[in-house]
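As structure tokens, the structure follows; a few thoughts come after it.
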Amino acid sequence: MFYSKERTFFRWFITFSSLVIIGLFLWNVSIFFEKIKEEERNKMEILGSAYSEISRSDNDDNINDVIVEILSSNSTTPMIVYGVNDESYSSRNIPDEDIDSLDKKLSLIEDFKTQYDPIEVYDGETLVSIVYYGYSDLLIRLKYFPIIIILIILLFLGVIYYFFSTSKSHEQSQLWAGMAKETAHQIGTPLSSLVGWTEILRSENVNPDYLIEIEKDVSRLQTITERFSKIGSLPKLEPTNIIKATQDSYDYLKARSSRLINFEINLPSHEIIVDLNEELYSWTIENLVKNAIDALKGKGDIKIEMYEEAKWVHILITDNGKGIPKSLFKKIFSPGVTSKKRGWGLGLSLAKRIIETYHEGKIKVLKSEINQGTTFEIRLQKKVEGS
């Protein structure tokens, strides 16, 4: 509990700190942007004064060298000067193709107006020209710089999240695999003892019927032990008739379930070969059927059916029990998640691991309605002839 609270606090602390850092960064960039914009405005006002001085000069000889230097110093800010008297346009720092027509010039002037207020140049009280200007390349880059930084930060946070989520998933996977192997190891010792006791009982001339039932349970325990031992290691897949494997699982479950459960099975009549680990597949069917029995609360219908497509075979397991809320459709396959009042929530997690990790198939809740029932779907790839 303490560990969980610590992780939650750490997660929120990182999130809050990241938001504060991003906020401070954007705030400083905004201030920097406004300062540069103000400096651009001051520079253009000086240029406007220079143009006003030129308009008052009678000839070029009277133009001060300082004014010429001011006019020539503007090599970054795009500008269009409109001469009121002769209705002419002159430009600076703008590519020719952007102003090769009057419409383009007027359109660019409208854009400039949204960026800066134009500067009006007067000769005395007479308006002689208007200077329209816009953001320099530096300002344009600075304007989009925060967006680029935010994208980089989001990408970085995404990488961190992916790392932690995959690390956590791997950690959980290792935990379940370790628990499974330890369970198999713990069962193995008393199981070996039971086999020995069975031989002793046989030598004591015990009723053979008793021994047959004991041997069935011992065989069952051996199967369970082998299943658990394969979790965490890559199981061997062999070409298997999935029709027979499903039928065998069905027969075993039906024989050991309450007579109040009505079982039905519909399988194709011909063989369907799938690369399969039959023991783990049987375990998956058992987990799904047992979940269905729990959902029925001891009485109801369970149906197993199968159909095939060109590359896939689909196994459907349907019950008419209490159903699963839609909010749990995806979560229910996560370790520890269960809709039952009791249980560890491991059955469906193991089923997903067996089908998707080991057999490269798919398992999902196909449909479910509250108090109407649930259908789980397993999808496995068919064995291609010659492969």
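The values are calculated or read from the model by the stated rules, or taken from the named source; none is laboratory data. It should be emphasised that the depicted structure is a prediction, and the values quoted were computed from it without experimental measurement. For neighbour counting, all protein chains shown are included, and Cβ atoms are generated from backbone atoms with ideal geometry for every residue, glycine included. Only protein heavy atoms, including side chains, enter the accessible area calculation; ligands, DNA and RNA are left aside. Shrake-Rupley method; radii C 1.70, N 1.55, O 1.52, S 1.80 Å.
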Extreme residue, modelled with the lowest pLDDT, among residues of the range 201-240 that are within 40 Å of the chain's Cα centre (by Cα) and small (Gly, Ala, Ser): Gly232
Residues within the range 302-323 that are open to solvent by 70 Å² or more (accessible area, probe 1.4 Å) and either farther than 19 Å from Asn241 by Cβ or of a type in the set (Val, Ile, Thr) (or both), tallied: 1
Tabulated pairs, the range 342-357, first open to solvent by less than 20 Å² (accessible area, probe 1.4 Å) and part of a helix (DSSP H, G or I), second β-branched (Val, Ile, Thr) and at pLDDT 85 or above, C-beta under 8 angstrom, 6+ apart or interchain: Ala351/Thr284; Ala351/Ile363; Ile354/Thr284; Ile355/Thr284; Ile355/Ile363; Ile355/Ile378
Filter result (crowded, with 17+ Cβ neighbours inside 10 Å and under 12 Å from Val81 (Cα atoms)) within the range 95-107: Lys105
Odd one out for Leu24, checked against (1) modelled with pLDDT of 75 or more; (2) over 21 Å from Ser136 (Cα atoms); (3) touching a helix residue (DSSP H, G or I) at 6+ places or on another chain (Cβ under 9 Å): (3)
Residue within the range 268-277 that is under 35 Å from the mean Cα position of the chain (by Cα), crowded, with 17+ Cβ neighbours inside 10 Å and within 20 Å of Leu348 (Cα to Cα) present: yes
Any chance Ile243 is open to solvent by less than 30 Å² (accessible area, probe 1.4 Å) and more than 32 Å from the chain's Cα centre (by Cα): yes
Given (1) polar (S, T, N, Q); (2) assigned to a helix (DSSP H, G or I); (3) modelled with pLDDT of 80 or more, number of the condition Gln174 does not satisfy: (3)
Unmet criterion (only one of (1) at pLDDT below 90; (2) in contact with a Phe, Trp or Tyr (Cβ under 9 Å, 6 or more places away or on another chain)) for Lys326: (2)
Any hit, the range 38-50, residues being modelled with pLDDT under 70, part of a loop (DSSP other than H, G, I, E, B), at negative phi and open to solvent by less than 60 Å² (accessible area, probe 1.4 Å): no
